[in-house]
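A.B. asks: Before we start, here is the structure in question, set down as structure tokens.
The values are calculated or read from the model by the stated rules, or taken from the named source; none is laboratory data. Computed from a predicted structure; not experimentally measured. Every residue, glycine among them, receives a Cβ derived from its backbone with ideal geometry; neighbour counts consider all protein chains shown.
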């Protein structure tokens, strides 16, 4: 009796085998590009690796006009020699033109609704037509999808751009206290370059671009100093520079409500390691004076950046989070128009620097 | 009665059965349910819900202590007489059966959405139900051993839930108590329902070897449950935020989705597969206890045949009526409301009646 039951059980376990899908019969979507299209539609590009030995190319690009990812996937399906698998996606590329006009979240809703899709694909903005980027010949690089993923990962590790996966992107858009931001790409002569961070408004449409220096400051302000952040101090002119790495940042945010708006003071104490001292300037060789100079410069840069954000009514740093945490009653009243209120706020940044290390050579003294 | 002779359970087994019943499908949705009503201080609602459930548990044990050899079904017949007692016992049977139906269908629904979207529905019903019946037919002691085994086999899960904390924003927990107790109390209403499950003590008490420790046991079970709920809720609150959390249907699984390895893209499937065992420690006792109830009502000796009949009925219902996600949560809502009366209000009345009856009997003597 018992044996029979076991046999039935074992057979039941085979039920999952009905879902079998051979890898040769699939078209794995590694990169999806979305650009503005014709007649109220969007242009979708997909890149997938080709596993066949006979094919001379190692990857293929497909292009369709559609309204949504799901619809595009259906068209891709009837264009390729297998069924399209969307679950392995590595990167979603949105063009700048598209982001200027459209909210991206509804277009890529499919990736969030389907439990099988990966939450770790990067969302990036490309400064130009996606067509150029996705058809870019990169014979000296690995498969485009993998290459793009590695490029973004290392850019984030070097603290030059933000880390924006599908999951993080949606989280930032849905939050009432923060506006989203994503990495920005451009093509240059030798391939692709990460140019910094693209700032979006609370709906996800494009507002502003930061270069990698300002991106680093944004990363410092958003508490993302996991690896040393590069920072360059320019003296007098651009030829005389002191470059350094910033690490171990400690933050102290204070919020004060005054007359319907919030005032913030951000104290950041950081450790600095000098990497390069290219200057004749005597002051820069004095530790105390150099510290002061870095602090002033950083304060200026950070406050300029925040001003710039306030003018655009965006809050990628998430000052709203501090307002909500420390002044909840007052926050509740202006919750829905926070970004408006933030543009009226006064923000003081007070960096405190300690130069921990000059490297292994002494700054040249006279 | 020698029914409990070869079926007695140790204190640990008693703890783990109760804990197993409490920690089930609720954990996957709890953070979202709390966030929807209780705002940032939602986790305080869990603590209050914990205290309420402790009081409820102690009332149940106090009732059962009066007649230590009786399960709830015996006690009902003893207290209310043959017919009314059987009627109320039937209400309990209905409660347990609907419970096992809800757990079965929810399990399958989750499996369909997250793991096996294209597998035939009735196959999944059998896949889940077969092991349940296999374990349930062996009685209370085997269930105790099973729950204990599953508890230790799933001990690694809380550790995995620490991984998403690398993206945590601890400021999301502030302000603690925003001066608004109404939100917290609204949250308590949700959390009380998640703690339901300690009512199985009604059945387990006579099987417990060392009955003096029944209070201690149910206290520990509730405490473990509370810790599990707190960990998951706080993790979800700091990793997601209140705005985003309310969009996620199964936040606990969404929490694990970003974890991936070079050789394993979707870690949540592994987690979910093992979690199916944890869910079964709710479904199996419910299935057994409803069959024990029917056995009692029709006064048979062996519960196994009743169990088979119930399981077949369960399978047929689950296959014929495959509710959508919304309907399922609506049914679940009605069921837990029903459970609230049965588990918090009914034992209190029962306690009074049992005590009065005892007093009267003493006077007669």
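A.B. asks: Determine whether residue B:227 is in a loop (DSSP other than H, G, I, E, B) and surrounded by fewer than 20 Cβ atoms within 10 Å (Cβ to Cβ).
C.D. replies: Here the answer is no, as residue B:227 does not meet what is asked.
A.B. asks: Now, a different point. Tell me, which residue of the range B:246-270 that is part of a helix (DSSP H, G or I) and at the interface with another protein chain (Cβ under 9 Å from one of its Cβ atoms) is nearest to residue B:100 (Cα to Cα)?
C.D. replies: It comes out as B:253.
A.B. asks: Among the residues of the range A:122-135, are any part of a loop (DSSP other than H, G, I, E, B), within 14 Å of chain B (Cβ to nearest Cβ) and either closer than 12 Å to residue A:90 by Cβ or in contact with a strand residue (DSSP E or B) (Cβ under 9 Å, 6 or more places away or on another chain) (or both)? I'd like the intermediate steps shown before the answer.
C.D. replies: So the first thing to find is which residues in the range A:122-135 are part of a loop (DSSP other than H, G, I, E, B), and the list is A:127-129, A:135.
Cutting the leftovers down to within 14 Å of chain B (Cβ to nearest Cβ) gives us none.
Taking every residue of the range A:122-135 in turn, none turns out to be part of a loop (DSSP other than H, G, I, E, B), within 14 Å of chain B (Cβ to nearest Cβ) and either closer than 12 Å to residue A:90 by Cβ or in contact with a strand residue (DSSP E or B) (Cβ under 9 Å, 6 or more places away or on another chain) (or both).
A.B. asks: Let me confirm something: among A:185, A:233, A:199, which residue is farther than 30 Å from residue B:242 by Cα, part of a strand (DSSP E or B), touching a residue at least 60 places away in the same chain (Cβ under 8 Å) and within 22 Å of the chain's Cα centre (by Cα)? Write out each step before concluding.
C.D. replies: Values: A:233 fails: within 22 Å of the chain's Cα centre (by Cα); A:199 fails: farther than 30 Å from residue B:242 by Cα.
On inspection, the qualifying residue turns out to be A:185.
A.B. asks: Report yes if some residue within the range B:271-284 is touching a helix residue (DSSP H, G or I) at 6+ places or on another chain (Cβ under 9 Å), assigned to a helix (DSSP H, G or I), free of Cβ contacts under 8 Å to residues at least 40 places away in the same chain and away from chain A (no Cβ under 14 Å); otherwise report no.
C.D. replies: no
A.B. asks: If a residue must be out of contact with any helix residue (DSSP H, G or I) (no Cβ under 6 Å at 6 or more places or on another chain), surrounded by 14 or more Cβ atoms within 10 Å (Cβ to Cβ) and outside any strand (DSSP E or B), how many such residues does the range A:208-225 contain?
C.D. replies: Of the residues in the range A:208-225, 12 are out of contact with any helix residue (DSSP H, G or I) (no Cβ under 6 Å at 6 or more places or on another chain), surrounded by 14 or more Cβ atoms within 10 Å (Cβ to Cβ) and outside any strand (DSSP E or B).
A.B. asks: Ok, one more. Failed condition for residue B:302, given (1) away from chain A (no Cβ under 11 Å); (2) assigned to a helix (DSSP H, G or I), with all others met?
C.D. replies: (2)
A.B. asks: Of the residues A:64, A:28, only one is at pLDDT 80 or above and away from chain B (no Cβ under 14 Å); which?
C.D. replies: Criteria check complete, one pass: A:64.
A.B. asks: Has the range A:250-272 got any residue that is within 14 Å of chain B (Cβ to nearest Cβ), touching a helix residue (DSSP H, G or I) at 6+ places or on another chain (Cβ under 7 Å) and not in a strand (DSSP E or B)?
C.D. replies: No, every residue in the range A:250-272 fails to be within 14 Å of chain B (Cβ to nearest Cβ), touching a helix residue (DSSP H, G or I) at 6+ places or on another chain (Cβ under 7 Å) and not in a strand (DSSP E or B).
A.B. asks: Could you tell me whether residue B:319 is within 17 Å of residue B:91 (Cα to Cα) and assigned to a helix (DSSP H, G or I)?
C.D. replies: For residue B:319, the condition - within 17 Å of residue B:91 (Cα to Cα) and assigned to a helix (DSSP H, G or I) - is not met.
A.B. asks: Name the pairs: first residue in the range A:137-157 and assigned by TED's automatic domain parsing to the domain that holds residue A:119 and exposed (fewer than 15 other Cβ atoms within 10 Å of the Cβ), second residue in a helix (DSSP H, G or I) and at pLDDT 80 or above, Cβ to Cβ under 9 Å, at least 6 apart or on different chains?
C.D. replies: A:138/A:144; A:138/A:147; A:142/A:150
A.B. asks: So which residues in the range A:314-340 are touching a strand residue (DSSP E or B) at 6+ places or on another chain (Cβ under 9 Å) and more than 13 Å from chain B (Cβ to nearest Cβ)?
C.D. replies: Across the range A:314-340, the qualifying residues are A:314, A:316, A:334.
A.B. asks: Test residue A:311 against the stated conditions and say whether it is away from chain B (no Cβ under 14 Å), within 24 Å of residue B:39 (Cα to Cα), within 28 Å of the chain's Cα centre (by Cα) and surrounded by fewer than 14 Cβ atoms within 10 Å (Cβ to Cβ).
C.D. replies: So residue A:311 fails the test.
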